[in-house]
1. Considering amide H positions built from the backbone, and no H for Pro or chain starts, which residues 5 or more places from B:Asp116, or on another chain, come under 5 Å of its amide H?
2. In whole angstrom, how far apart do the alpha carbon centroids of the stretch A:47-79 and the stretch A:154-175 sit?
3. Between B:Asn95 and A:Lys166, what is the label-to-label distance in nm when each label sits 7 Å out along the Cα-to-Cβ direction?
4. When chain A is treated as a GNM, springs tying every alpha-carbon pair under 10 Å, which of A:Asp194, A:Asp71, A:Asp138 comes out with the largest mean-square fluctuation?
5. Of A:Lys60/B:Lys220; B:Lys46/B:Lys126; A:Lys39/B:Lys74; B:Lys31/B:Lys74; A:Lys203/B:Lys101; A:Lys8/A:Lys60, which sit over 25 Å apart, Cα to Cα?
6. For chain B, set up a Gaussian network in which alpha carbons nearer than 10 Å are linked by springs, and say which option among B:Lys126, B:Lys101, B:Lys207 fluctuates the most.
7. Contact order normalised by length for the stretch B:1-118, with contacts defined as Cα pairs under 8 Å and 6 or more residues apart; what percent is it?
8. DSSP loop GluC sites (Glu not before Pro) in the stretch A:92-173 with at most 13 other Cβ atoms within 10 Å of their Cβ, which ones?
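Here, each number is a calculation from the coordinates, and none is a lab measurement. Since the model is a prediction, treat every value here as computed from it, not as a measurement. In this analysis, Cβ positions are derived from the backbone assuming ideal geometry, glycine residues included, and neighbour counts consider all displayed protein chains.
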Amino acid sequence: MEEELISKKDLLELTGISYGQLYRWKRKNLLPEEWFIRKSAFTGQETFFPKQKILDRIDKIVNMKDDLSLDELADMFSPASKAISISMKELIERNIVSLSASKAAESYIGQSEMYTFEQTLCVYILDYCLQTGEISLDEGKTMLPTFLEHYKKFKEQQCELILLRKMGVSVFLLVPSGGEIHFESGVKIILRVDVPAMIEQLKLKLMAI
Amino acid sequence: MGDKQRKILITGIGRSGGGDVHLAKIEGVGKIEGDVRCYELSINGKGDVQGHVRAVTASINGMSSIRGGLHADKLNIEGKVSFGGPVTGEQMRMNGMVTVKGSCETEIFEANGRMDIDSLNASQIKLTLQGSSHINEIGGESIHVGKQPGKGFAKWLQSVPGPFANKLSAEVIEGDNVYLEYTTADIVRGGIVRIGPGCTIGSVEYKESLDVHSSSKIIKHVQR
């Protein structure tokens with residue numbers, strides 16, 4: 001799957017930002033290093049970016065930089081867990097997760113009063129998967145322990161959650177993002193969840209009060 | 001970051017394992033065989049840190065090598081220092097010969113001397129050339145590269161082209177406000193670009209304006 005790329009020159013023209021801003025955002029880790037793809041073009045060395053990702057990110061930065069400091073923004077975009085704890089009641093009241101997802105999660109995470117960021121993320125992803133209508137509640141219940149057990153191993157690396165199904169049997173995988181995966185025939189990819197994007201959404205929802 | 005009591009102090013000749021301390025200080029010849037996290041790093045003489053350094057303020061005088069990277073909000077260098085990894089911070093002032101194998105990211109970068117850096121990203125860059133510097137990529141808001149007026153013997157040396165001449169070579173220089181002297185670069189991209197004396201630039205792409213000194217050579221330029 002080839003991503004569409006955009007050159008730095010075109011990006012600056014399209015978004016109206018300056019070199020200074022672009023370099024500052026890179027310094028503040030608002031733009032991940034992996035997105036800077038150096039290639040030699042006929043005009044000399046040029047930097048390219050994955051078009052959709054960088055445009056989305058710049059759009060977010062431009063819209064939010066008046067309300068949040070650059071450091072707060074960087075915190076939001078980073079895949080690192082936030083040090084927070086929040087009660088399930090609050091999560092449901094604020095409409096961050098649905099009641100059914102939280103019920104399903106309760107038996108795995110335990111009925112603790114406060115949820116850590118990682119636990120919240122897990123419930124949030126379960127909720128998202130259920131909302132897509134692609135997975136059943138039972139499948140969701142097998143996803144929870146998979147995620148809880150293995151997510152830590154990725155540390156701050158970006159990863160992806162994939163659901164496969166073959167002849168009615170479903171399998172959950174947690175893989176590093178960016179890698180290519182191939183399957184035998186008959187395997188259907190039901191769902192691919194980009195975990196960093198989920199983290200970003202969740203952080204945004206948690207921050208909005 | 002380390003309680004006030006804990007210190008690494010090397011006076012004379014000595015070595016330490018590193019660790020979490022308030023003050024890490026070498027006076028003389030010292031070796032730190034690991035990572036250091038401290039409030040203040042101070043090296044006077046010859047230091048060799050084999051790990052990574054994280055400090056609030058760092059001052060390195062003399063001849064040192066930091067095998068890992070360094071992060072310091074304020075960094076001051078006088079002398080010859082080489083870094084084996086990225087150097088990050090808020091304010092950097094350097095005077096001497098500095099080598100960075102990796103990127104150098106800071107808000108303010110003021111350097112005087114010979115710099116050899118893979119990539120430099122800073123909001124304000126002021127580089128005074130003495131000897132020949134090489135920086136692959138330079139990016140920032142305001143970039144000013146100038147030459148130190150030579151005196152006596154130094155002036156005579158500079159008149160001969162060669163390794164003693166004051167110059168900067170770079171591949172790509174990108175900034176909103178760029179002023180260059182005695183620079184050889186493949187590409188310069190910017191908003192307001194001023195090319196002073198002694199430059200050879202492959203291609204200049206500018207947005208607002210371009211001024212070129214008569215002694216400089218530009219192969220092609222485009223406004224966009």
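1. Amide H neighbours of B:Asp116: B:Val98, B:Thr99, B:Val100, B:His134.
2. Rounded to whole Å, the Cα centres lie 27 Å apart.
3. 6.9 nm
4. Comparing A:Asp194, A:Asp71, A:Asp138 in a Gaussian network model of chain A, the most mobile one is A:Asp138.
5. A:Lys60/B:Lys220; B:Lys46/B:Lys126; A:Lys39/B:Lys74; A:Lys203/B:Lys101
6. In the Gaussian network model the winner is B:Lys207.
7. Numbers: 402 pairs, mean separation 17.0, N = 118.
Value for the stretch B:1-118: 14 percent.
8. Taking the stretch A:92-173 and a limit of 13 other Cβ atoms within 10 Å, the loop GluC sites (Glu not before Pro) found are A:Glu113, A:Glu134, A:Glu156.
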